[in-house]
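Down below is the structure, laid out as C-alpha coordinates.
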Amino acid sequence: MEPVKNASSKGPIGVFDSGYGGLTILNEFLNDFPDYDFIYLGDNARTPYGTRSFEMVYRYTLQSVLKLFDMGVHLVILACNTASAKALRTIQQRDLPRYDAARRVLGVVRPSAEQTVNFTQNRHIGVLGTTGTVQSMSYILEICKFLPDAVVTQQACPMWVPLVENNETDSEGADFFVRRDLNLLFSRDAEIDTLILGCTHYPLLMPLIQKYTPAHVKVLPQGEIVSASLKDYLLRHPEIDKKCTKNGTCRFFTTESPEKFDEASSVFLDFPVKSERLHF
Ligand code: DGL
(Lines give C-alpha, C1' and ligand atoms only; values in the text may rest on other atoms or scores of the structure.)
Protein backbone atom coordinates (compact mmCIF):
# COMPACT_ATOMS: atom_id res chain seq x y z
CA MET A 1 0.00 0.00 0.00
CA GLU A 2 1.46 3.32 -1.17
CA PRO A 3 0.89 6.28 1.14
CA VAL A 4 -0.85 9.29 -0.39
CA LYS A 5 1.92 11.47 -1.81
CA ASN A 6 0.52 14.99 -1.68
CA ALA A 7 -0.08 15.88 1.91
CA SER A 8 -0.61 19.63 1.26
CA SER A 9 -3.26 21.05 3.50
CA LYS A 10 -5.58 22.39 0.78
CA GLY A 11 -6.59 21.45 -2.75
CA PRO A 12 -9.30 21.43 -5.41
CA ILE A 13 -12.44 19.28 -5.26
CA GLY A 14 -12.03 16.16 -7.42
CA VAL A 15 -14.84 15.07 -9.73
CA PHE A 16 -14.49 11.59 -11.16
CA ASP A 17 -16.35 9.70 -13.87
CA SER A 18 -15.62 6.74 -16.11
CA GLY A 19 -15.80 9.15 -19.05
CA TYR A 20 -17.76 12.24 -20.02
CA GLY A 21 -20.98 11.68 -18.05
CA GLY A 22 -19.71 13.34 -14.88
CA LEU A 23 -19.42 16.59 -16.82
CA THR A 24 -23.22 16.91 -16.40
CA ILE A 25 -22.60 17.02 -12.63
CA LEU A 26 -19.51 19.23 -12.91
CA ASN A 27 -21.58 21.76 -14.88
CA GLU A 28 -23.86 22.23 -11.87
CA PHE A 29 -20.88 22.49 -9.50
CA LEU A 30 -19.34 25.22 -11.65
CA ASN A 31 -22.62 27.17 -11.53
CA ASP A 32 -23.13 26.71 -7.81
CA PHE A 33 -19.51 27.00 -6.61
CA PRO A 34 -17.92 29.63 -8.86
CA ASP A 35 -15.14 30.36 -6.35
CA TYR A 36 -14.01 26.77 -5.77
CA ASP A 37 -11.27 24.94 -7.65
CA PHE A 38 -12.12 21.65 -9.36
CA ILE A 39 -10.21 18.84 -11.05
CA TYR A 40 -12.22 16.62 -13.37
CA LEU A 41 -10.88 13.16 -14.15
CA GLY A 42 -12.46 11.05 -16.88
CA ASP A 43 -11.21 7.47 -17.16
CA ASN A 44 -12.05 7.50 -20.88
CA ALA A 45 -9.47 4.82 -21.68
CA ARG A 46 -11.37 2.26 -19.60
CA THR A 47 -14.96 3.44 -20.13
CA PRO A 48 -17.63 2.06 -20.01
CA TYR A 49 -17.72 0.86 -16.41
CA GLY A 50 -21.39 -0.13 -16.66
CA THR A 51 -20.73 -3.60 -18.02
CA ARG A 52 -17.67 -4.37 -15.86
CA SER A 53 -17.48 -6.58 -12.78
CA PHE A 54 -17.53 -5.23 -9.23
CA GLU A 55 -13.84 -6.02 -8.91
CA MET A 56 -12.81 -4.00 -11.98
CA VAL A 57 -15.03 -1.00 -11.23
CA TYR A 58 -13.70 -0.95 -7.67
CA ARG A 59 -10.06 -1.29 -8.77
CA TYR A 60 -10.29 1.45 -11.45
CA THR A 61 -12.23 3.80 -9.18
CA LEU A 62 -9.81 3.41 -6.27
CA GLN A 63 -6.84 3.97 -8.58
CA SER A 64 -8.45 7.18 -9.86
CA VAL A 65 -9.33 8.41 -6.38
CA LEU A 66 -5.74 7.86 -5.20
CA LYS A 67 -4.46 9.71 -8.24
CA LEU A 68 -6.69 12.66 -7.34
CA PHE A 69 -5.42 12.51 -3.74
CA ASP A 70 -1.85 12.64 -5.08
CA MET A 71 -2.85 15.80 -6.96
CA GLY A 72 -3.78 17.45 -3.67
CA VAL A 73 -7.50 16.69 -3.62
CA HIS A 74 -9.10 16.21 -0.19
CA LEU A 75 -12.68 15.68 -1.33
CA VAL A 76 -13.62 13.50 -4.32
CA ILE A 77 -17.13 13.28 -5.75
CA LEU A 78 -17.74 10.08 -7.70
CA ALA A 79 -19.91 11.68 -10.39
CA CYS A 80 -20.61 8.23 -11.77
CA ASN A 81 -23.52 6.13 -10.62
CA THR A 82 -21.77 2.89 -11.49
CA ALA A 83 -18.68 3.75 -9.43
CA SER A 84 -20.88 5.08 -6.61
CA ALA A 85 -22.94 1.89 -6.65
CA LYS A 86 -20.10 -0.58 -6.92
CA ALA A 87 -17.02 0.98 -5.33
CA LEU A 88 -17.93 3.80 -2.96
CA ARG A 89 -18.78 1.83 0.13
CA THR A 90 -15.59 -0.26 0.04
CA ILE A 91 -13.48 2.83 -0.55
CA GLN A 92 -15.15 4.68 2.33
CA GLN A 93 -15.08 1.81 4.77
CA ARG A 94 -11.91 -0.06 3.90
CA ASP A 95 -9.54 2.13 1.92
CA LEU A 96 -9.86 5.64 3.34
CA PRO A 97 -8.95 4.59 6.89
CA ARG A 98 -5.82 2.92 5.47
CA TYR A 99 -4.70 5.62 3.03
CA ASP A 100 -5.77 8.87 4.69
CA ALA A 101 -8.70 8.95 7.08
CA ALA A 102 -8.98 12.74 6.78
CA ARG A 103 -9.87 12.68 3.06
CA ARG A 104 -13.42 12.17 1.84
CA VAL A 105 -15.10 10.41 -1.10
CA LEU A 106 -18.82 10.96 -1.78
CA GLY A 107 -21.15 9.53 -4.40
CA VAL A 108 -24.30 10.37 -6.35
CA VAL A 109 -26.66 7.49 -5.52
CA ARG A 110 -27.56 8.41 -1.95
CA PRO A 111 -28.39 12.10 -2.54
CA SER A 112 -30.51 11.14 -5.57
CA ALA A 113 -32.35 8.43 -3.62
CA GLU A 114 -32.94 10.80 -0.71
CA GLN A 115 -34.59 13.37 -2.95
CA THR A 116 -37.20 10.96 -4.33
CA VAL A 117 -39.12 11.69 -1.11
CA ASN A 118 -39.71 15.24 -2.36
CA PHE A 119 -40.83 14.19 -5.84
CA THR A 120 -43.02 11.11 -5.66
CA GLN A 121 -46.71 11.24 -4.72
CA ASN A 122 -47.54 7.54 -5.00
CA ARG A 123 -44.11 6.01 -4.15
CA HIS A 124 -43.81 4.29 -7.54
CA ILE A 125 -40.28 5.09 -8.69
CA GLY A 126 -38.47 4.11 -11.88
CA VAL A 127 -34.68 3.87 -12.05
CA LEU A 128 -32.73 3.83 -15.30
CA GLY A 129 -29.07 2.91 -15.11
CA THR A 130 -26.21 0.89 -16.46
CA THR A 131 -26.31 -2.89 -16.07
CA GLY A 132 -23.83 -2.56 -13.18
CA THR A 133 -25.85 0.04 -11.30
CA VAL A 134 -29.05 -1.96 -11.72
CA GLN A 135 -27.42 -5.24 -10.64
CA SER A 136 -25.91 -3.62 -7.55
CA MET A 137 -29.46 -2.88 -6.26
CA SER A 138 -27.98 0.27 -4.68
CA TYR A 139 -30.89 2.49 -5.68
CA ILE A 140 -33.46 0.09 -4.25
CA LEU A 141 -31.54 -0.17 -0.97
CA GLU A 142 -31.01 3.59 -0.66
CA ILE A 143 -34.56 4.61 -1.67
CA CYS A 144 -36.06 2.13 0.81
CA LYS A 145 -34.09 3.78 3.62
CA PHE A 146 -36.10 6.95 3.00
CA LEU A 147 -39.34 5.38 1.69
CA PRO A 148 -39.58 1.84 3.09
CA ASP A 149 -42.77 1.00 1.17
CA ALA A 150 -41.58 2.39 -2.18
CA VAL A 151 -42.19 0.33 -5.31
CA VAL A 152 -38.93 0.65 -7.24
CA THR A 153 -38.69 -0.68 -10.80
CA GLN A 154 -35.28 -0.68 -12.46
CA GLN A 155 -34.40 -0.83 -16.13
CA ALA A 156 -30.87 -1.34 -17.44
CA CYS A 157 -30.13 0.69 -20.58
CA PRO A 158 -26.79 -0.73 -21.76
CA MET A 159 -26.87 1.01 -25.14
CA TRP A 160 -27.38 4.54 -23.87
CA VAL A 161 -23.81 5.25 -22.70
CA PRO A 162 -22.21 4.15 -26.00
CA LEU A 163 -24.74 6.34 -27.87
CA VAL A 164 -23.71 9.37 -25.78
CA GLU A 165 -19.98 8.59 -25.89
CA ASN A 166 -20.19 8.35 -29.69
CA ASN A 167 -22.20 11.56 -30.07
CA GLU A 168 -25.18 9.66 -31.47
CA THR A 169 -27.82 11.28 -29.27
CA ASP A 170 -29.87 12.57 -32.21
CA SER A 171 -29.71 9.40 -34.28
CA GLU A 172 -32.41 6.91 -35.24
CA GLY A 173 -30.54 4.34 -33.15
CA ALA A 174 -30.84 6.51 -30.06
CA ASP A 175 -34.56 6.97 -30.71
CA PHE A 176 -34.99 3.20 -31.02
CA PHE A 177 -33.15 2.27 -27.81
CA VAL A 178 -34.61 5.05 -25.65
CA ARG A 179 -38.14 4.20 -26.80
CA ARG A 180 -37.58 0.47 -26.28
CA ASP A 181 -36.10 0.77 -22.78
CA LEU A 182 -38.65 3.29 -21.53
CA ASN A 183 -41.52 1.20 -22.92
CA LEU A 184 -40.09 -1.80 -21.09
CA LEU A 185 -39.89 0.18 -17.83
CA PHE A 186 -43.41 1.62 -17.99
CA SER A 187 -44.89 -1.72 -19.10
CA ARG A 188 -43.56 -3.21 -15.85
CA ASP A 189 -45.08 -0.46 -13.71
CA ALA A 190 -47.49 1.95 -15.35
CA GLU A 191 -47.93 3.84 -12.06
CA ILE A 192 -44.39 5.24 -11.93
CA ASP A 193 -44.61 8.96 -11.16
CA THR A 194 -40.90 9.66 -10.58
CA LEU A 195 -37.98 8.69 -12.77
CA ILE A 196 -34.34 8.65 -11.68
CA LEU A 197 -31.79 8.93 -14.46
CA GLY A 198 -29.27 6.84 -12.56
CA CYS A 199 -26.41 7.45 -14.96
CA THR A 200 -24.67 10.75 -15.48
CA HIS A 201 -24.64 10.27 -19.25
CA TYR A 202 -28.41 10.12 -19.58
CA PRO A 203 -29.26 13.87 -19.36
CA LEU A 204 -27.71 14.11 -22.82
CA LEU A 205 -30.61 12.00 -24.10
CA MET A 206 -33.22 14.19 -22.38
CA PRO A 207 -35.21 15.20 -25.49
CA LEU A 208 -35.77 11.53 -26.32
CA ILE A 209 -36.38 10.57 -22.70
CA GLN A 210 -39.07 13.23 -22.49
CA LYS A 211 -40.55 12.10 -25.79
CA TYR A 212 -41.13 8.57 -24.48
CA THR A 213 -41.96 9.36 -20.83
CA PRO A 214 -45.58 10.15 -19.86
CA ALA A 215 -45.93 13.89 -19.28
CA HIS A 216 -46.98 13.55 -15.62
CA VAL A 217 -43.79 11.65 -14.65
CA LYS A 218 -41.19 13.79 -12.88
CA VAL A 219 -37.62 13.26 -14.05
CA LEU A 220 -35.17 13.90 -11.22
CA PRO A 221 -32.47 16.46 -12.06
CA GLN A 222 -29.48 14.54 -10.70
CA GLY A 223 -26.90 17.29 -11.33
CA GLU A 224 -28.87 19.87 -9.36
CA ILE A 225 -29.57 17.39 -6.57
CA VAL A 226 -25.93 16.36 -6.20
CA SER A 227 -24.77 19.96 -6.27
CA ALA A 228 -27.29 20.97 -3.57
CA SER A 229 -26.17 18.00 -1.54
CA LEU A 230 -22.51 19.08 -1.85
CA LYS A 231 -23.45 22.56 -0.67
CA ASP A 232 -25.18 21.08 2.35
CA TYR A 233 -22.22 18.78 3.02
CA LEU A 234 -19.69 21.62 2.98
CA LEU A 235 -21.87 23.65 5.34
CA ARG A 236 -22.11 20.73 7.74
CA HIS A 237 -18.38 19.98 7.43
CA PRO A 238 -16.47 23.26 7.70
CA GLU A 239 -13.29 21.26 8.39
CA ILE A 240 -13.51 19.84 4.83
CA ASP A 241 -14.62 23.14 3.31
CA LYS A 242 -11.49 24.75 4.78
CA LYS A 243 -9.39 22.27 2.80
CA CYS A 244 -10.89 23.38 -0.55
CA THR A 245 -8.93 25.99 -2.47
CA LYS A 246 -11.01 28.82 -3.91
CA ASN A 247 -9.56 30.49 -7.00
CA GLY A 248 -12.38 29.62 -9.42
CA THR A 249 -10.27 27.26 -11.57
CA CYS A 250 -11.09 23.96 -13.24
CA ARG A 251 -8.57 21.50 -14.72
CA PHE A 252 -9.46 18.49 -16.82
CA PHE A 253 -7.63 15.18 -17.00
CA THR A 254 -8.35 12.18 -19.17
CA THR A 255 -6.75 8.75 -19.37
CA GLU A 256 -7.34 8.77 -23.16
CA SER A 257 -6.50 11.31 -25.85
CA PRO A 258 -6.82 14.95 -24.65
CA GLU A 259 -7.74 16.06 -28.19
CA LYS A 260 -10.64 13.63 -28.22
CA PHE A 261 -11.69 14.69 -24.74
CA ASP A 262 -11.62 18.40 -25.63
CA GLU A 263 -13.75 17.83 -28.71
CA ALA A 264 -16.28 15.55 -27.01
CA SER A 265 -16.66 17.78 -23.95
CA SER A 266 -18.13 20.51 -26.13
CA VAL A 267 -21.30 18.36 -26.19
CA PHE A 268 -21.49 18.57 -22.39
CA LEU A 269 -20.07 22.01 -21.57
CA ASP A 270 -20.65 25.42 -23.10
CA PHE A 271 -17.02 26.52 -22.83
CA PRO A 272 -13.86 25.14 -24.48
CA VAL A 273 -11.74 22.66 -22.56
CA LYS A 274 -8.00 22.04 -22.71
CA SER A 275 -7.48 18.72 -21.00
CA GLU A 276 -4.31 16.94 -19.94
CA ARG A 277 -3.36 13.30 -20.29
CA LEU A 278 -3.11 11.27 -17.11
CA HIS A 279 -1.11 8.06 -17.00
CA PHE A 280 -1.57 5.44 -14.32
N1 DGL B 1 -21.54 7.70 -16.25
C2 DGL B 1 -21.57 6.43 -15.60
C3 DGL B 1 -22.72 6.33 -14.61
O4 DGL B 1 -23.20 7.30 -14.15
C5 DGL B 1 -21.68 5.24 -16.50
C6 DGL B 1 -20.89 5.18 -17.71
C7 DGL B 1 -20.19 3.87 -17.88
O8 DGL B 1 -20.84 2.84 -18.11
O9 DGL B 1 -18.99 3.90 -17.78
O10 DGL B 1 -23.14 5.27 -14.28
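The values are calculated or read from the model by the stated rules, or taken from the named source; none is laboratory data. Please read all numbers here as calculations on a predicted model, not as lab measurements. Neighbour counts run over all protein chains shown; Cβ positions are idealised from the backbone, glycine included. In case anyone asks, the SASA skips ligands and DNA or RNA and just uses the protein heavy atoms, side chains included. Shrake-Rupley method; radii C 1.70, N 1.55, O 1.52, S 1.80 Å.
Here are some notes:
- Failed condition for Thr90, given (1) modelled with pLDDT of 95 or more; (2) more than 16 Å from the chain's Cα centre (by Cα); (3) of a type outside the set (D, E, K, R); (4) surrounded by 20 or more Cβ atoms within 10 Å (Cβ to Cβ): (4)
- Boolean, Ser112 is within 11 Å of the ligand (Cβ to nearest atom), open to solvent by less than 20 Å² (accessible area, probe 1.4 Å), of a type outside the set (Phe, Trp, Tyr) and closer than 25 Å to Gly11 by Cα: no
- For the stretch 153-161, the count of residues that are part of a helix (DSSP H, G or I) and open to solvent by less than 10 Å² (accessible area, probe 1.4 Å) is nonzero.
- Filter result for Asn122 (more than 16 Å from the ligand (Cβ to nearest atom), open to solvent by 10 Å² or more (accessible area, probe 1.4 Å), polar (S, T, N, Q) and not in a helix (DSSP H, G or I)): yes
- Subset of the stretch 85-99 that is among the basic types (Lys, Arg) and touching a residue at least 24 places away in the same chain (Cβ under 8 Å) - its residue that is nearest to Arg110 (Cα to Cα): Lys86
- Test: Ala190 is open to solvent by 20 Å² or more (accessible area, probe 1.4 Å) and not basic (Lys, Arg): yes
- Of the helices (runs of 4 or more DSSP H) lying entirely inside the stretch 194-280, those containing at least 3 residues that are closer than 28 Å to Thr133 by Cα and either of a type in the set (Gly, Ala, Ser) or over 19 Å from the mean Cα position of the chain (by Cα) (or both) span 206-211, 222-236, 258-265.
- Test: Ala79 is small (Gly, Ala, Ser), on the phi < 0 side of the Ramachandran plot and surrounded by fewer than 24 Cβ atoms within 10 Å (Cβ to Cβ): no
Conditions (1) open to solvent by less than 10 Å² (accessible area, probe 1.4 Å); (2) part of a helix (DSSP H, G or I); (3) more than 16 Å from the ligand (Cβ to nearest atom), marked per residue:
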| position | (1), (2), (3) |
| --- | --- |
| Gly21 | yes, no, no |
| Asn27 | no, yes, no |
| Asp35 | no, no, yes |
| Asn44 | no, no, no |
| Pro48 | no, no, no |
| Tyr60 | no, yes, no |
| Leu68 | yes, yes, yes |
| Ala83 | yes, yes, no |
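- Scanning the stretch 126-164 for residues that are of a type in the set (Ser, Thr, Tyr) and within 16 Å of the chain's Cα centre (by Cα) yields Thr130, Thr131, Thr133, Ser136, Ser138, Tyr139.
Matching residues to (1) under 17 Å from Gly50 (Cβ atoms); (2) at pLDDT 95 or above; (3) away from the ligand (no atom under 15 Å from the Cβ):
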| position | (1), (2), (3) |
| --- | --- |
| Tyr139 | yes, yes, no |
| Lys145 | no, yes, yes |
| Ala150 | no, yes, yes |
| Leu163 | yes, no, no |
| Asn166 | yes, no, no |
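- Restricting the first member to the stretch 188-205 and to residues that are more than 14 Å from Val267 (Cα to Cα), and the second to residues that are near the ligand (Cβ under 8 Å from one of its atoms) and of a type in the set (S, T, N, Q), the beta-carbon pairs closer than 6 Å and six or more apart or on different chains are Gly198/Asn81; Gly198/Thr133; Cys199/Asn81; Cys199/Thr130.
- The residue of the stretch 174-183 that is surrounded by the fewest Cβ atoms within 10 Å (Cβ to Cβ), among those that are over 12 Å from Val127 (Cα atoms) and in contact (Cβ under 8 Å) with a residue 12 or more places away in the chain, is Asn183.
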